[in-house]
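The values are calculated or read from the model by the stated rules, or taken from the named source; none is laboratory data. It should be emphasised that the depicted structure is a prediction, and the values quoted were computed from it without experimental measurement. For neighbour counting, all protein chains shown are included, and Cβ atoms are generated from backbone atoms with ideal geometry for every residue, glycine included.
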């Protein structure tokens, strides 16, 4: 079986172009013209990649993206005419792995799919071994150890949880509330700025030569992400 792609796009011309091109690239492709149909097709066929338009009838792309993540969608690329940075961040916060702004070339779409598949394969390997390697950082989930090169870094349990979550999905934006819920779990923490304090301490431990860390990047007004340029 090949890689299965679901295209959720209500503009028939664009949908047909993507379907024809992706089939020529060797993918198995299904299409849906509305969010409800896309959700049904995903539940039935479990595609590897969903290409998802923001503005869909019956269920908009953001709501569909969130539901697909709840159902365990492996890879989601959001496609939209919205080009503002805040729109992109909202899409990523809802669970999209990547974002394409219309108009885009089919070659760029193909490149984004290949890049996402590589990331998915690496993440699957990381989950199997419990070890994540990003740049010169090695993060071992099983032993809760972090190494920078050969030097072990001594992180608190909260710092480890934050680093592990961010590094597991390079480029994905996490809001402060999402990070709070992950790092503190059942603890009652109200102030989202608590995350800023822990991130600041974490950065000091993983950065080099007293320069600002480019591992954990601030997305102003939203939260944080791990730099996608550090994917191995």
**OP:** Residue by residue through the stretch 149-185, note down the ones that are in a strand (DSSP E or B) and without any contact (Cβ under 8 Å) to a residue 60 or more places away in the chain.
**Re:** 151, 152, 153
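So that you can scan it fast, the table gives a plain yes or no per residue for (1) within 22 Å of residue 110 (Cβ to Cβ); (2) touching a residue at least 60 places away in the same chain (Cβ under 8 Å):
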{"residue": "15", "(1), (2)": "yes, no"}
{"residue": "21", "(1), (2)": "yes, yes"}
{"residue": "24", "(1), (2)": "yes, no"}
{"residue": "29", "(1), (2)": "yes, no"}
{"residue": "34", "(1), (2)": "no, no"}
{"residue": "61", "(1), (2)": "yes, no"}
{"residue": "66", "(1), (2)": "no, no"}
Original post:
Do we have any residue at all in the stretch 11-27 that's in contact with a helix residue (DSSP H, G or I) (Cβ under 9 Å, 6 or more places away or on another chain), under 16 Å from residue 80 (Cβ atoms) and surrounded by fewer than 18 Cβ atoms within 10 Å (Cβ to Cβ)?
Top reply: no
Original post:
Can you find a residue in the stretch 80-102 that is out of contact with any helix residue (DSSP H, G or I) (no Cβ under 7 Å at 6 or more places or on another chain), modelled with pLDDT of 80 or more, farther than 30 Å from residue 138 by Cα and surrounded by fewer than 16 Cβ atoms within 10 Å (Cβ to Cβ)?
Top reply: yes
Subject >> The one condition in (1) at pLDDT 85 or above; (2) surrounded by fewer than 18 Cβ atoms within 10 Å (Cβ to Cβ) that residue 137 fails to fulfil >> reply: (2)
Original post:
What do you reckon, is residue 183 modelled with pLDDT of 85 or more and within 24 Å of residue 95 (Cα to Cα)?
Top reply: no
Original post:
Just to be sure, is residue 75 within 16 Å of the chain's Cα centre (by Cα), crowded, with 16+ Cβ neighbours inside 10 Å, free of Cβ contacts under 8 Å to residues at least 60 places away in the same chain and more than 14 Å from residue 116 (Cβ to Cβ)?
Top reply: no
Original post:
Across the stretch 42-56, which residue is farthest from residue 69 (Cα to Cα) among those that are surrounded by fewer than 17 Cβ atoms within 10 Å (Cβ to Cβ) and free of Cβ contacts under 8 Å to residues at least 40 places away in the same chain?
Top reply: 44
**OP:** Output the residues belonging to the stretch 204-216 that are more than 17 Å from residue 180 (Cα to Cα) and either exposed (fewer than 14 other Cβ atoms within 10 Å of the Cβ) or modelled with pLDDT of 80 or more (or both).
**Re:** 204, 205, 206, 207, 208, 209, 210, 211, 212, 215
